[in-house]
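The values are calculated or read from the model by the stated rules, or taken from the named source; none is laboratory data. On a predicted model such as this, the values are computed, not experimentally measured, just so you know. Here the Cβ is made from the backbone with ideal geometry for all residues, glycine too, and neighbour counts use every protein chain on show.
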Amino acid sequence: MKAIWKRVLTAAVALPVIACITACSHKQEKKPKPKPQATVVVDNGNIDAQGKGNGQSDIPLVIGCDKLNKKFNPFVAETVPDQQAVSLTQLYLIGNDRQGRIVYNGIDGEVRAYNGSNYTYYGPADIETRYNRKKDETLYYITLRDDLKFSDGEPVTIDDVLFTIYVLCDKNYKGDYKLGSHDIKGLSKYQKNKNIKNIAGVRRLGNYKMSITTNGFDASMIQSLKIPICPLHYYGNIEKYNYSKKKFGFKKGDISTVCANKTSPVGAGPYRFVKYEQKVIYYTSNEIYYKGCPQIAYVQLKEMKEILNATQAKIDNEPSPEKVPGDEKAEDTKKDPALNRNAEALEMTEGTVDVLDTVLSKEDISWVSYANSNGEISGNRISTNFVPTGIYQYIGINPDNVKTGTDAYSEKSKNLRKAFATAFSAFRSILYDYYADGTCIIQYPCSSASWLGTSKDDENYSQAYNKDINGDIVYNEDTDITKNQDNLKKAVLSYFEAAGYTTDGMSVTDAPAGANTEYSIIVAGGKSNPLYQLVSQTADFFKEIGITLDIVQSGDKRTVAKRVANGRLQLWAGRCDTSKDYNLYKRYTGKESLFGIKEPTFVKLAKRAGTTIKDTLKKKRYKNLYNNILEMAVEVPVIEQQSAIMCSSSRIDMDTITKDITVYYSWINEIENIEMK
């Protein structure tokens, strides 16, 4: 069983496994628009309210998390647990749908199809994007709902949004939000104190309307507007706010009082923060939440790392039980939870926690299944679902250093890299031996959850690097290539031959000018890297056909950075987080890119895709770029990491959990609907 310290405990992502989109043939119908009204008589939402609403359950929902750093201020919360602690109390200006697309019409709601179902998305604001090509400017119009209230009863207005924006754009802001790094008109001069008292591109248009103007167009700008609407009267100083006099609630350049760690976070979210005590945060429901008072009156966010470590240590020191997973019949309903060898499953069945987000190995999955009477990962005690995290792992190949001759983008150079890519791709299935359902193989350099990605049901979908030089299929996704490598050897050698290598039909005997028979691959973290086994077996395969692939183990990123700087990087095992700012132009081109692609057509296409506003055209251009990346064979997508979301099905009404949750749409988005049994 893997070490407990490797487990990741958060609660910000979610439940059912991702599936592909299918179009719905029936009429799309909106759910009723939420109306912000108290379900019980409260004193204008005062902070002393008990959070019980009208018949809400008194049984608390206990969410497990990693260590809390107690930075519960929305401006400075940085760790996942602290951000989770804050998010339960906050309302965010704009949001995403399940595929990561922005919800533009949050006030009246938007209906979008996902996984064969229609879902209605509401939010506190509408946002409209207009790009002026002549001026090379982008204008963002923001309209806020006029009936929102913070949990303390104060109204939410555009002044609260402006206050939040000015804090995030202050030159001394060092938090996690990146709004202040964008090219908003006048922002640079404002931050440099060049006689400018306000940001020219940020304008107040009324109590519930405003606009932001940026130079050019940056697709990540609108994502950076996913900010909490922080109450000016709580975090700022209302006496220092006067828009017409260019005063924004704090002293410019001094946000220390704003970012100070307040006693408790306040916002317009579904829950009120009550207290933090002995590594547990206590919340009560917000009766005046705009989507309705949550069905669960009380929530606890509990640190679980030490608890799980202690439980696992106790398990490891005890003799293994005579019965192991697989011995019992599915109809056996008398399993003893105390025999379980998985700490998470044991603590969940014992009632310590209701929701956990962790990582499960193949062995762990067996023990989770043991806890349920049906012998499955979801059953009467625990419901487990795997959700892609938006973080994928890959093998990178630098085109300037893996080529034949002098042209990195010639057909021969591409075929050389395809020889490597085909082999790496074929051995991806061995990762199932450890992760089982905890991972998914991907074919494109993108999250399987993203609207910019692809799925098996998409037109012209195909597996990457599973064909030989003639286009004949060598293996499929479920092929165990370790049992039959003859066809793979023929395919890989066919690419080496097409790249100009000399072979004897069984192995490589000589390399063409500009190429070699010996290459190196950097694996950060060495044997602890999830891709090390894949790289090691691929290296053994290459050795059999006359190619040496030297594995360089690195404990940190410095070795990779050094080789990038001196231009000697050849191949590497990497990871990419697509859940944040995923810009293909920055990732694949330029001096800071590990790939360093200089092919003019690709550079032009990548830049154009990054400045495309229309969703349908953007998706088409991204798909074109993915195909170009695979054709140049500079990247081999391997696996996407998946979180295991474990819920107590014995205590939570699983029918009330948000359906089809993804990395972009957390179950917290609809926490107000969850009920306990």
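Scanning segment 351-396 for residues that are aliphatic (A, V, I, L, M) and in a strand (DSSP E or B), which turns out surrounded by the fewest Cβ atoms within 10 Å (Cβ to Cβ)? So that I can check it myself, show each step before the final result.
Kept after step one, since they are aliphatic (A, V, I, L, M), are these residues of segment 351-396: 353, 355-356, 359-360, 365, 368, 371, 377, 382, 387, 391, 395.
Checking which are in a strand (DSSP E or B) leaves us with 355-356, 382, 387, 391, 395.
Details: Val355: 22, Leu356: 29, Ile382: 25, Val387: 24, Ile391: 18, Ile395: 25.
Checked segment 351-396; the qualifying residue surrounded by the fewest Cβ atoms within 10 Å (Cβ to Cβ) is Ile391.
May I ask you to say which residue of Leu617, Leu630 is without any contact (Cβ under 8 Å) to a residue 60 or more places away in the chain and either closer than 19 Å to Ile442 by Cα or not polar (S, T, N, Q) (or both)? Can you show your working first?
Numbers: Leu630 fails: without any contact (Cβ under 8 Å) to a residue 60 or more places away in the chain.
Only one candidate qualifies: Leu617.
Considering only residues of segment 55-85 that are part of a loop (DSSP other than H, G, I, E, B) and within 19 Å of the chain's Cα centre (by Cα), which is nearest to Ile296 (Cα to Cα)? Please lay out each step first, then the result.
Residues of segment 55-85 part of a loop (DSSP other than H, G, I, E, B): 55-56, 58-60, 66-79.
Right, trim to within 19 Å of the chain's Cα centre (by Cα) and you get 66, 77-79.
On the way: Asp66: 23, Ala77: 25, Glu78: 27, Thr79: 26 Å.
So, considering only residues that are part of a loop (DSSP other than H, G, I, E, B) and within 19 Å of the chain's Cα centre (by Cα), the one nearest to Ile296 (Cα to Cα) is Asp66.
Here are some conditions: (1) at pLDDT 95 or above; (2) in contact with a Pro (Cβ under 7 Å, 6 or more places away or on another chain). Leu168 meets all but one. Which one does it not meet?
The one condition Leu168 does not meet is (2).
Residues Ile212, Ile229, Ile196: which one is under 17 Å from Thr138 (Cα atoms), among the aliphatic types (A, V, I, L, M) and in contact with a Phe, Trp or Tyr (Cβ under 8 Å, 6 or more places away or on another chain)? Quick ask: steps written out before the conclusion?
Working: Ile229 fails: under 17 Å from Thr138 (Cα atoms); Ile196 fails: under 17 Å from Thr138 (Cα atoms).
Answer to the check: Ile212.
Looking at segment 164-212, which of its residues are touching an Asp or Glu at 6+ places or on another chain (Cβ under 6 Å) and closer than 27 Å to Asp146 by Cβ?
Tyr208
Of everything in segment 237-252, what is of a type outside the set (D, E, K, R) and touching a residue at least 12 places away in the same chain (Cβ under 8 Å)? Give them in sequence order. It would help to see each step written out before you state the result.
First pass over segment 237-252, keeping only residues of a type outside the set (D, E, K, R): 237-238, 241-244, 248-250.
Listed by number, the residues that qualify are Asn237, Tyr241, Tyr243, Phe248, Gly249, Phe250.
Residue by residue through segment 397-445, note down the ones that are in a loop (DSSP other than H, G, I, E, B), of a type in the set (A, V, I, L, M) and more than 24 Å from the chain's Cα centre (by Cα). Even if it seems obvious, please write down each step before you answer.
Of segment 397-445, the ones in a loop (DSSP other than H, G, I, E, B) are 398-410, 442-445.
If we keep only those that are of a type in the set (A, V, I, L, M) too, we end up with 402, 408, 442.
Within segment 397-445, Val402, Ala408 qualify.
Starting from residues that are under 19 Å from Phe150 (Cβ atoms) and aliphatic (A, V, I, L, M), keep the ones in segment 253-273 and report whichever is surrounded by the most Cβ atoms within 10 Å (Cβ to Cβ).
Ala268
Before we move on, is Tyr276 surrounded by fewer than 17 Cβ atoms within 10 Å (Cβ to Cβ) and touching a Leu at 6+ places or on another chain (Cβ under 9 Å)?
yes
Just the residues that are charged (D, E, K, R), surrounded by 24 or more Cβ atoms within 10 Å (Cβ to Cβ) and in contact with a Ser or Thr (Cβ under 7 Å, 6 or more places away or on another chain), please, taken from segment 624-677.
Glu640, the sole residue that qualifies.
Would you point out which residue out of Leu88, Leu168, Leu139, Leu162 is among the aliphatic types (A, V, I, L, M) and over 18 Å from Ile212 (Cβ atoms)? Quick ask: steps written out before the conclusion?
Details: Leu168 fails: over 18 Å from Ile212 (Cβ atoms); Leu139 fails: over 18 Å from Ile212 (Cβ atoms); Leu162 fails: over 18 Å from Ile212 (Cβ atoms).
Answer to the selection: Leu88.
Within segment 596-614, does at least one residue satisfy the condition of being under 30 Å from Val368 (Cα atoms) and under 20 Å from the mean Cα position of the chain (by Cα)? Before the answer, list the steps.
The initial filter retains those residues of segment 596-614 that are under 30 Å from Val368 (Cα atoms), namely none.
No, because not a single residue in segment 596-614 is under 30 Å from Val368 (Cα atoms) and under 20 Å from the mean Cα position of the chain (by Cα).
Mind listing whichever residues of segment 613-651 are of a type in the set (S, T, N, Q) and not in a helix (DSSP H, G or I)? Spell out how you get there, then give the answer.
Going through segment 613-651, the residues of a type in the set (S, T, N, Q) turn out to be 616, 624, 627-628, 641-643, 648-650.
If the condition is that a residue be of a type in the set (S, T, N, Q) and not in a helix (DSSP H, G or I), then Gln641, Gln642, Ser643, Ser648, Ser649, Ser650 are the ones that fit.
Looking at Thr39, Thr89, which is the one that is of a type in the set (Ser, Thr, Tyr), out of contact with any helix residue (DSSP H, G or I) (no Cβ under 7 Å at 6 or more places or on another chain) and at pLDDT below 95? Can you show your working first?
Working: Thr89 fails: at pLDDT below 95.
Being of a type in the set (Ser, Thr, Tyr), out of contact with any helix residue (DSSP H, G or I) (no Cβ under 7 Å at 6 or more places or on another chain) and at pLDDT below 95 holds for just one of Thr39, Thr89, which is Thr39.
Hey, Ala539 hits all of (1) under 22 Å from Ser413 (Cβ atoms); (2) in a helix (DSSP H, G or I); (3) touching a helix residue (DSSP H, G or I) at 6+ places or on another chain (Cβ under 9 Å) but one; which does it fall short on?
(3)
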